[in-house]
1. Using the structure shown, decide if residue 72 is assigned to a helix (DSSP H, G or I) and at pLDDT 80 or above.
2. Between a first residue in segment 136-162 that is free of Cβ contacts under 8 Å to residues at least 40 places away in the same chain and a second residue that is outside any helix (DSSP H, G or I) and surrounded by fewer than 23 Cβ atoms within 10 Å (Cβ to Cβ), which pairs have beta carbons less than 6 Å apart while being 6 or more apart in sequence or on different chains?
3. Suppose we filter 47, 40, 82 for residues that are at pLDDT 70 or above, within 22 Å of the chain's Cα centre (by Cα) and of a type outside the set (S, T, N, Q); which single one remains?
4. When the residues of segment 116-134 are filtered to those that are more than 22 Å from residue 72 (Cβ to Cβ) and either surrounded by fewer than 14 Cβ atoms within 10 Å (Cβ to Cβ) or touching a Gly at 6+ places or on another chain (Cβ under 9 Å) (or both), which remaining residue is modelled with the highest pLDDT?
5. Taking residue 213 as meeting all but one of (1) touching a Lys or Arg at 6+ places or on another chain (Cβ under 7 Å); (2) modelled with pLDDT under 90, write down the number of the exception.
Amino acid sequence: MTALCNDPGDGAPAALLRDDTTRLHEEFLLLAAHEIRTPLTSLLLQLQLTKRMSEREPENTPAWAATMLAVFDRQLGRLARLCDDMLQVWRVTPGSSVHRAPACEPVDLAALVREAVAAAVAQRPAARGAIAIAIAADGAVVGRWDRAQLERMAFHLVKNAITFGEDKPITIEVRATRAHARLIVRDHGIGIAREDQQRIFARFERAVPVDRFGGLGLGLYIAHAAARAHGGAIRVESEIGRGAAFIVDLPLAPRSPEHVHRGRAPGAARALPSRRALARRAPELPRAEHLRLAHLRLAHRRPPP
């Protein structure tokens, strides 16, 4: 049941209003993503065809045209990823009609992070100049993960560092232990207030003014959902004015979150109750049932005639 009210102060529960607002956001995102995706796909195909023709005949392609094609490629790619993120919110939300469990395969996290860095840098406006991003990795860090989900997670963490890092150097670490992999994305920008460090992982939540930074407030939610879907965790360490470090821990061979919380491996059999445990339950039975069980025990103990 949905509560409707014209005035938020007329006594309607605040929780219902928040639920309505979240539901409207989700429905709008799904509708907008589908409506945008159709013309966007057509534009991307036309762009690819135009780029292919210009590469075949570079002498007939003016320099200004090549520059414009590069801008179109970057902006359309940015719009395509934004559209995919709007759909991804439904795919990573448990209980939604299009929720998808991770499709795990061997993935090199270090190589995937390098690809995510390249994709995030490609979307950075050329006018802002180059940015220093250092990647430190312990060779190949291979685990069984969903490649697409981790690529989105890494992309959004790197993009977040670029957006709020004030053009200062960014450091990325990829390490492995015997059972876990750790990804750390660290910037030296504006930082995050302590009271905002939990809520920024929720849908549509932001810790900065919309008119200054834009965005839908979905990137960190998608990153958080990807980590949780693999039985991992993500957290942030930050102070205002001193940058932020996002730390992701992933099992190399993850179990589903349900099994992680349950503390039992998939398919493990439950232990049968002991006789003493059954005896402790016996007083809860009615008196007539006790008498029937007593007769059965006596008949069982009698020697056969």
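1. Working: assigned to a helix (DSSP H, G or I): yes; at pLDDT 80 or above: yes.
Taking the combined requirement at face value, the residue satisfies it.
2. 136/173; 138/175; 138/176; 140/108
3. Details: 47 fails: within 22 Å of the chain's Cα centre (by Cα); 40 fails: within 22 Å of the chain's Cα centre (by Cα).
The match here is 82.
4. Step one: filter segment 116-134 for residues more than 22 Å from residue 72 (Cβ to Cβ), giving 116-117, 131-134.
When the remaining residues are screened for being either surrounded by fewer than 14 Cβ atoms within 10 Å (Cβ to Cβ) or touching a Gly at 6+ places or on another chain (Cβ under 9 Å) (or both), the result is 131-132, 134.
Values: 131: 89, 132: 93, 134: 96.
In this case the residue turns out to be 134.
5. Unmet for residue 213, out of (1) touching a Lys or Arg at 6+ places or on another chain (Cβ under 7 Å); (2) modelled with pLDDT under 90: (1).
The rows are residues; the columns are (1) surrounded by 22 or more Cβ atoms within 10 Å (Cβ to Cβ); (2) in contact with a helix residue (DSSP H, G or I) (Cβ under 6 Å, 6 or more places away or on another chain).
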| residue | (1), (2) |
| --- | --- |
| 155 | yes, yes |
| 166 | no, no |
| 178 | no, no |
| 189 | no, yes |
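The values are calculated or read from the model by the stated rules, or taken from the named source; none is laboratory data. Everything numeric here is computed off the predicted structure, so don't read it as measured data. When we count neighbours, we look across all protein chains shown, and the Cβ atoms used for this are built from the backbone with ideal geometry, even at glycine.
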